[in-house]
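Quick notes on the structure that follows.
The values are calculated or read from the model by the stated rules, or taken from the named source; none is laboratory data. Treat the numbers as computed from the prediction; the structure is a model and nothing was measured. No Cβ is skipped: glycine too gets one built from the backbone with ideal geometry, and neighbour counts run over all protein chains shown. Please note that ligands, DNA and RNA were not included when accessible areas were found on the heavy atoms of the full protein model with its side chains. Shrake-Rupley method; radii C 1.70, N 1.55, O 1.52, S 1.80 Å.
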Amino acid sequence: MKRTIGIWRSWALVAGMMIGSGILTMPALLAPYGSYSFLGWAVTGFGAICLALSYSYLSSRKPGLGGPYFYVQEAFGTRFAGFVAWGYWISLVASVAALALSFTGYSKAYLPLISDSTFYSAAFSAVIILFFTAINARGAREASSVQLITTVVKILPLVFLGFAGIMFGEVKEIPAINPGSNSLFHMIAGLCLLVMFAFIGVESATLPSEDTIEPEKTIPRASILGTLTAVTVYVIATLGLMSVIPLSDLQNSASPFADAAQILVGSSGAMIITIGALFAISGTLNVCIMITGTIMTAGARDGIFPRLFSQKNSRGAPVRALLFSSAVGVMLLFFNSYDSLIKSYEYLLVIATFAVMIVYLTTALASIKLQWQDHKQNQEISITQLSIALLATLFTVLALVGTWVVYQ
């Protein structure tokens, strides 16, 4: 079949998946660190680029559907690939719950009922999950149409507000804060764990490699360009917010961009930003729900997930896998309904990021092993590619250490 994904469509997979709820709620989580948060963005951005380059190498070496699952299976066999499939699925399910909570946070200003009760917030988030599950259950055509619409309005409001905050705010009033009084190493590790949630999706360009035009060239370029796009948008937006909203207020804000727009432009600006934020979150949530069904169906066919999830309906949608995955996401919501919105979001963020970092770690190790296998077969290997895989491995270990730092 004709390959249809070129450089810009491949770039959109990476940047579109990354730029979503992570940037929209992340400033509130990073506010306690002040200007140290930019150090977290820098280290995590570098680590994400190393991961993107590792995925690029694996895809150019032997393109195959399934992304991380395919590469780990090739390097370590089906058993380890099964762990990757489960870890990836858990990360996506937790991301679905976190995204739904972020959607609720940006809706609170217009729905007072969910502002007064954590239970109602969780219930509203559950309805949002079920709504996008129903869209995906109708088939890939409907789901992709929704994705196209939501992606169009994703980046511009964030960049606009970031620049507006930098121009009209007080950038110099962002102190460097170490809230836990940890060592610099442990503080950076904790920041990397939190920030990495915003970079989940770095592997997106590798998933449809068989449909990508010249994958050995397109995927590396798209992965790097998409990651750099996300880093740029994140830093501009975070700096703009911290220039406008006091850190003490920012860390307690469930919708920081809407609050900043209210200060800069007034109620009309806040409404525009809120609508843009809801579209951005919706797009990422839609993709995550779609992938939960896809990864579970693919794993079920290989016996990693129960066989009953391998079936699709007449429209080609994996309805059973979608419903089960979304049901687990809804349960996660209500398990955390006793906490505040931000605390619940942070808890789900840590689950999602920890699970996907295990996936990224095994993929980086797969890159090292496959390069070593090529070397043993007298094939020339690149010292640069091997170094990148080692750096990606070290970065994922650093982010995993951050789990202990955040919840010690």
Legend entry - Principal axis dimensions, the range 248-337 - Cα atoms, whole angstrom, descending: 54, 30, 17
Inset, instruction - Would you kindly work out the equivalent ellipsoid of the range 216-289 from its C-alpha gyration tensor and give its semi-axes, the square roots of five times the eigenvalues, largest first in whole Å? - result: 28, 16, 11
Legend entry - Extended-chain gain in nm, criterion 0.36 nm per residue less alpha-carbon gap, N252 and E214: 9.0 nm
Legend entry - Accessible-area ranking of E214, E380, E203, E74, largest first, probe 1.4 Å: E380, E214, E74, E203
Inset, instruction - Could you list, in their original order, any pairs among K217/K376; K312/K369; K62/K376; K154/K369 whose Cα atoms are separated by more than 28 Å? - result: K312/K369; K154/K369
Inset, instruction - Give me D for the range 350-408 in µm² s⁻¹, whole number, from Stokes-Einstein with Rh from the Kirkwood sum over alpha-carbon pairs, 10 °C and 1.306 mPa s. - result: 128
Inset, instruction - State whether the range 273-318 is rounded, prolate or oblate according to the following rule on the C-alpha gyration tensor (a ≥ b ≥ c being the square roots of its eigenvalues): a/c under 1.5 gives rounded; otherwise a/b larger than b/c gives prolate, and the remaining case gives oblate. - result: prolate
Inset, instruction - Work out the FRET efficiency for M271 and M331 from their Cβ-Cβ distance, taking R0 = 35 Å, and round it to the nearest 0.05. - result: 0.60
